[in-house]
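Student: Attaching a single structure in structure tokens format; questions to follow.
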Amino acid sequence: MILNAYAVLDGFTTFLRLVVALFIIGAALCALMRRNIPDVAIETEHSGERYYLLALLSCVLMLLNVAAWPLFYLMLESYIPQWPGVMCIYGVTQIGAHSEGVSRYLPTLVRTLETTKPLLVFVSGLWFVLHLANRRTATAPLNHRIFMVLLVLGSIACVDCAVEIGYLAIPKTEETLESGCCTVRFDDSAQAEEFLPQAWRAEENRTRIVGSYWGLNGFLLVALLVSIRACRWQLIRLDLASLLVLALLSLPVSLAFLIEVAAPTILHLPYHHCPYDLLPKAPESVLAIVLYLLGMFAVGWACLAWWVGNSAETRPFLKKQVAKLLLLGFFGYLGSLVMMYLELALA
Amino acid sequence: MRASASNWKIALIGLLAISGLAIVGVSLRRGASRGCALDGAPINPLLRVRAVDRVGQSFEFCCIRCAEIWLRSQHEAPRQVFVTDEVSGLEIDAGKAYFVRSQVATNAATGNRVHTFEREEDAERHANAYGGSILPMAEHPF
């Protein structure tokens, strides 16, 4: 166990998240079970108070989830000086690989956390969007769906916290970097297959990746604008599924662009493809990634708000709410593209 | 309509802030010193490898492993590769150097364990002291 300020802060927020998540799971389960009992299903003053307490706690969990994501990476970055040969966060994520003790689980735990953190932020946002829609209605028709989302949110948060506590507790100081840092894993064509298919890494495909990145994301911006217009004026049928597919399609392309084009150019290292190096060496460029994720999440929230939050009471204002989310997504993507363009043009 | 206009104003301010941040960030990095041509790591003068490509441009690397990875990504073989004698610190032609693979890593980040020497006796001394062996010509990295 490595104790420094970031680890202590991360441990504290993890513990806090776990407590809140467990409470939310319990409260959501109780609420779901009470709804199935006909005599208790009638809204009482107490059930209203319970709902507000649950909403407040969910808000706290959402904020903690959002804070826990960058905090986790800051903690990993603070671990870098612990081992000779670790140059960036990627090296820290590989500590314990090929070892025989309990430390062999460390890379798997980090990979799990790298998946659950964005998932938690997304599900928290989904809860918030549904909660906002539900709040504007008279009979709260989305309660059941919101409790289900909270159940999922609480469960993922519990898994995330358990994994994070495990990661913090497992001894790491005795371990060495057996598999090599990012130079070996990202730059050596013989070993980089796990990040990108070999065909994508070929030099001649670089222009294709650049074209796909700008083309796809540019098209996504136009599609978002058209969808926002459609929501506002209710002129054409809203085709959110295509928008979501487009957003999901742009993700691997943008990831390939980040590894193959953006990171080497921004870092002034044309042969080095490590995106983790951006955090310590070009921290402002991380904002482009954050804005991109915000854009993608906003599109996801808009789609799910439309599909999950649709009811007779929410229908009159749901399109406007979806339009606001799509606008957030538009600004997220636009900000990301502007930042990326400037970073690459000025580098 | 008013809300929409204010949204665009906020977005415009946000975009300007983003642009400013990008410009400041890039200009701050401009003066930063360059390290290894592959990964930017600082170069220990005793372990430096230098490759000269077909157009005469020099690329310096922090270890043999970095130079090998870089060479694999090149379409053409370099005109010349220089390594550093770990005893004297002098640059020597890679073709005339003795390479020893031992237990000692020169760079933990890449896991490079190949050392370079100008004289055979220095290479043998290192190999004996650190459980290594002199690499035959066929296994030379360059």
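Student: Can you confirm whether A:Ala241 is within 12 Å of chain B (Cβ to nearest Cβ), part of a helix (DSSP H, G or I) and at pLDDT below 95?
Tutor: Values: within 12 Å of chain B (Cβ to nearest Cβ): no; part of a helix (DSSP H, G or I): yes; at pLDDT below 95: yes.
The answer is no for A:Ala241.
Student: Here's something else I'd like to know. Pairs, please: C-beta under 8 Å, at least 6 apart or cross-chain, first residue free of Cβ contacts under 8 Å to residues at least 12 places away in the same chain and in the same structural domain as B:Gly89 (by TED's automatic domain parsing) and in region B:47-61, second surrounded by fewer than 16 Cβ atoms within 10 Å (Cβ to Cβ) and aliphatic (A, V, I, L, M)?
Tutor: From region B:47-61, the pairs are B:Ser58/B:Val52.
Student: From the residues in region B:90-126 that are small (Gly, Ala, Ser) and part of a loop (DSSP other than H, G, I, E, B), which one is nearest to the other protein chains (Cβ to nearest Cβ)? Before the answer, list the steps.
Tutor: The first filter runs over region B:90-126 and keeps only residues small (Gly, Ala, Ser), leaving B:94-95, B:97, B:102, B:105, B:108-109, B:111, B:123.
Narrowing further to those that are part of a loop (DSSP other than H, G, I, E, B): B:97, B:102, B:105, B:108-109, B:111.
On the way: B:Ala97: 22, B:Ser102: 17, B:Ala105: 8, B:Ala108: 2, B:Ala109: 4, B:Gly111: 5 Å.
In this case the residue turns out to be B:Ala108.
Student: Please pick out the residue among B:Leu71, B:Leu16 that is more than 9 Å from chain A (Cβ to nearest Cβ) and under 27 Å from A:Val184 (Cα atoms). Spell out the reasoning first.
Tutor: Working: B:Leu16 fails: under 27 Å from A:Val184 (Cα atoms).
Being more than 9 Å from chain A (Cβ to nearest Cβ) and under 27 Å from A:Val184 (Cα atoms) holds for just one of B:Leu71, B:Leu16, which is B:Leu71.
Student: In addition: Out of (1) within 14 Å of another protein chain (Cβ to nearest Cβ); (2) within 26 Å of A:Ala5 (Cβ to Cβ); (3) not acidic (Asp, Glu), the odd one out for A:Pro118 is which?
Tutor: Unmet for A:Pro118, out of (1) within 14 Å of another protein chain (Cβ to nearest Cβ); (2) within 26 Å of A:Ala5 (Cβ to Cβ); (3) not acidic (Asp, Glu): (1).
Student: Here is a further query. Looking at this structure, is B:Ala51 within 14 Å of chain A (Cβ to nearest Cβ), closer than 13 Å to A:Tyr271 by Cβ, among the aliphatic types (A, V, I, L, M) and assigned to a strand (DSSP E or B)? Let's see the steps before the verdict.
Tutor: Working: within 14 Å of chain A (Cβ to nearest Cβ): yes; closer than 13 Å to A:Tyr271 by Cβ: yes; among the aliphatic types (A, V, I, L, M): yes; assigned to a strand (DSSP E or B): yes.
Judged against the criteria, B:Ala51 is a match.
Student: Also, quick follow-up: Which condition number in (1) part of a helix (DSSP H, G or I); (2) at pLDDT below 95; (3) more than 12 Å from chain B (Cβ to nearest Cβ) is the one that A:Asn310 fails?
Tutor: Result: A:Asn310 fails condition (1) only.
Student: Let me ask something else. Give the residues of region B:48-64 that are surrounded by 20 or more Cβ atoms within 10 Å (Cβ to Cβ) and within 16 Å of B:Tyr98 (Cα to Cα), sorted by residue number.
Tutor: Step one: filter region B:48-64 for residues surrounded by 20 or more Cβ atoms within 10 Å (Cβ to Cβ), giving B:49, B:51, B:59, B:61-64.
Those that are surrounded by 20 or more Cβ atoms within 10 Å (Cβ to Cβ) and within 16 Å of B:Tyr98 (Cα to Cα): B:Val49, B:Cys63, B:Ile64.
Student: Checking the conditions here, which among A:Val338, A:Val299 is touching a helix residue (DSSP H, G or I) at 6+ places or on another chain (Cβ under 9 Å), farther than 16 Å from A:Cys231 by Cα and among the β-branched types (Val, Ile, Thr)? Even if it seems obvious, please write down each step before you answer.
Tutor: On the way: A:Val299 fails: farther than 16 Å from A:Cys231 by Cα.
Unique residue meeting the criteria: A:Val338.
Student: Right, something else. Looking at B:Trp8 and the list (1) more than 9 Å from chain A (Cβ to nearest Cβ); (2) in contact (Cβ under 8 Å) with a residue 24 or more places away in the chain; (3) aromatic (Phe, Trp, Tyr), which single condition is not satisfied?
Tutor: Failing condition for B:Trp8: (2).
Student: Of all residues in region B:19-46, which are loosely packed, with under 15 Cβ neighbours inside 10 Å and either at the interface with chain A (Cβ under 8 Å from one of its Cβ atoms) or without any contact (Cβ under 8 Å) to a residue 12 or more places away in the chain (or both)?
Tutor: B:Gly20, B:Ile23, B:Val24, B:Ser27, B:Leu28, B:Arg30, B:Gly31, B:Ala32, B:Ser33, B:Arg34
The values are calculated or read from the model by the stated rules, or taken from the named source; none is laboratory data. Note that the structure is a prediction, hence the values are computed from the model and not measured. When we count neighbours, we look across all protein chains shown, and the Cβ atoms used for this are built from the backbone with ideal geometry, even at glycine.
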